[in-house]
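Coordinate-derived values only; no laboratory data. In this text, all values refer to a predicted model and were calculated from it rather than measured experimentally. Glycine also receives a Cβ, built like all others from the backbone with ideal geometry; neighbour counts cover every protein chain displayed.
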Amino acid sequence: MPDTTPTDTGNDAKAVQALKKACDDAYAKHNNSCSHAVWYIITQVAEPAFQWNDANGLIDYWIASSGWKEVSLDDGWQLAQKGIVVCGGLKKTGGHGHVIAIYPGEKKASGGYLYTYTDKKTGKLLTDTMRSHGNYPRALSTSIGTWPGAKSMGDKTVWDPWASDDVFADVDFWTKVTG
């Protein structure tokens, strides 16, 4: 089995800048498609010939591929700090899943953005600020949906697209096997 431990090549700063640029460009070019944004990042930084697939298809690929491995959230954050692509996602059977990339940078508090909801008692549409659920790595996330936590160019966290501790517990992360 190949060694998948990242090594410090002395080029971490350049790799981090390349990953940030790929994330920023992906956000600008594919703001309404999480799978296109993540695919773009992978092609720019990790695997130029990587084939596009929808979110559920990407997750299936990462699970089955010997070229990608699952990593913990903390390990994924540490890899992103070295400029290594780490993708996360949650498959939705019978619907559209969602995929993101870890954006390099310090962890930050989740939440802090406005969202709307319908009050269960009155039926009125209300606005509130999402409270923090802890500190998490930053995310590159785009979406065709309207959830404000699902769009992030490093200003929100990997928790925010799902905005639920219970749902986020099922989100997995992968990185390309190197070496």
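Summarising the amide proton neighbourhood of Val71: residues at separation of 5 or more, or on other chains, whose placed amide H is nearer than 5 Å comprise Phe173, Trp174, Thr175. Placing R0 at 22 angstrom, the Cβ-Cβ distance between Asp60 and Val177 gives a FRET efficiency of 0.80 after rounding to 0.05. Need one number: nm distance between label points at Thr116 and Thr146, each 7 Å from Cα along Cα→Cβ, rounded to one decimal. Computed distance between label sites Thr116 and Thr146 equals 0.6 nm. When both region 12-74 and region 106-125 are represented by their alpha-carbon centers, they are found 28 Å apart. Once the chain from Lys29 to Leu126 is taken as fully extended at 0.36 nm per residue, the excess over their C-alpha distance is 31.7 nm. When the chain is treated as a Gaussian network with alpha carbon springs shorter than 10 Å, the biggest mean-square fluctuation among Ala150, Ala26, Ala64 belongs to Ala64. A Gaussian network model of the chain, with springs between Cα atoms under 10 Å, assigns the largest mean-square fluctuation among Val158, Val85, Val167 to Val167.
Any idea what the relative contact order of the chain is, in percent, if you count C-alpha pairs under 8 Å spaced at least 6 apart?
The value is 27 percent.
Checking (1) 10, 39, 35, 12, 3, 1; (2) 9, 34, 31, 17, 7, 2, 1, 0; (3) 9, 37, 37, 15, 2 against the coordinates, the calculated P(r) over Cα pairs in 10 Å bins from 0, in percent falls under label (1). Of Lys124, Lys29, Lys14, the residue with the greatest mean-square motion in the GNM of the chain, using alpha carbon springs below 10 Å, is Lys124.
Take the alpha carbon gyration tensor of region 13-90, find the square roots of its eigenvalues, order them as a ≥ b ≥ c, and report rounded if a/c is under 1.5; if not, report prolate when a/b exceeds b/c, else oblate. In terms of gyration-tensor shape, oblate.
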